[in-house]
Amino acid sequence: MPEHPPGPTTVTLLASGIRVDLLSTGAAIARVELTDEHGDGPVDVVLGHGDLAAYGQVRDFQGATIGRVANRIDGGRFRLGDRPVEVPLDPDEPHALHGGPEGFDQREWALLEAAEDHATWSLTSPDGDQGFPGEVEVEVRYALAPGRLTVEHRATTAAPTPVSLTNHSYWNLDGEGGGDILDHTLQVDADTYLPVRPDQIPTGEVRDVSGSPFDLRRPVVLGEALAVDDEQLEIGQGFDHHLVVPGGGRRRHAVLVGGSGRRMEVWSDRPGLQVYAGAHFDGTVTGPRGVAYRPRAGIALETQAFPDAVNQPGFPSVVLHPGQTYASTTEWRFS
């Protein structure tokens, strides 16, 4: 583990109708406050911790940058060519999760530059970090404009290694601490999804969403979708699945609309979207308004590569090689 610089550091970005607070711990989004054209608000639509120190102490990934590898790795094991690699398991399950117990979400990132409408954080992940080979240099750049927040991830490596980064914000468009997201509607522009085994590792199948609760091609009320009797929903305690968004380049992945009518579109160049409907919240985490988060307090819409791609030859590779640059962009558009 590298030494942590003193922290955490906070940065505030401002644009007309929107304020974003960033945190050096996990290069995280700690607050997204929206004010509408009538001056109503501000309303903070992203979940966070009431105490900033909790970002490095409570591992629930709120707002954080996830890496080196987002999502699960089966048994914490994979091969790079002829080389076996083993990475630490998550304390609560038999797989590696979100880069390991001390993943990028737990690190203090260095602030490279900041202005009123943008900021860039950097992190050096040394060779052998959480078991992953190769030194990796990572940058995360946030940029703000009226109605739009953009995050860009960049990484290079000194040796072949898997890299799959994402942001793990939980959204509640009616305001953090304002109740659950069961009255929100969700639309995901995906024709297929990845079913999982009972231990939440993808089976390797890419399954048509037709006739399933994962058919979100038209807006669906989350409370109604989560109430469907379905084996896959039972495994994930609701949605905790990767939906595959066809096409390439930056394209729309999802539309989330709150009971208030507040709307967010997710645009990205990533292969798909991990939809996680926040089943784990149990009242032990308290947000900035002093309200304890209960189940379904927010929903994560994580733009990312396929889970467990390092063990699934039929999935697109996530291995980064020297001389290559990992680059991805995700936008959240508010109206």
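All of the numbers you see were taken from the coordinates with simple rules; none came from a lab. Being a predicted model, the structure only gives us computed values, none of them experimental. In this analysis, Cβ positions are derived from the backbone assuming ideal geometry, glycine residues included, and neighbour counts consider all displayed protein chains.
How big is the shadow of the Cα convex hull of region 189-335, averaged over all directions, in nm²? Display every interim value, and only then the final one.
On the way: hull surface 42.6 nm².
Orientation-averaged projected area of the Cα hull: 10.6 nm².
Modelled spin-label separation between Asp208 and Val58, with each label point placed 7 Å from Cα along the Cα-to-Cβ direction: 4.4 nm. With K and R counted +1 and D and E -1, the other residues having a Cβ less than 13 Å from that of Arg217 yield a net charge of -2. Quick note on region 252-335: its Rg to Rh ratio, both from C-alpha atoms and Rh being the Kirkwood radius, is 1.07. Look at the alpha carbon pairs under 8 Å that are at least 6 residues apart: their mean separation over the length of the chain gives a relative contact order of 19 percent. With R₀ fixed at 25 Å, the C-beta to C-beta distance from Glu152 to Arg263 puts the FRET efficiency at about 0.60. The stretch between Asp282 and Ala115 holds 56.4 nm of extra length on full extension. This uses 0.36 nm per residue minus the Cα-Cα distance. Were the residues from Leu80 through Glu137 laid out at 0.36 nm apart, the gain over their Cα-Cα distance would be 18.6 nm.
Gly128 sits among other residues whose Cβ lies under 14 Å from its own Cβ, and their net charge, with Lys and Arg +1 and Asp and Glu -1, is -3.
Calculate, in nm to one decimal, what Arg289 and Val221 gain on full extension: separation in residues at 0.36 nm each, minus their alpha carbon distance.
21.9 nm
Here, P(r) means the percent of Cα pairs in each 10 Å bin from 0 to the largest distance; for region 96-142 it is 26, 48, 22, 5. The distance from the alpha carbon centre of region 264-292 to that of region 95-127 is 19 Å, rounded to a whole number.
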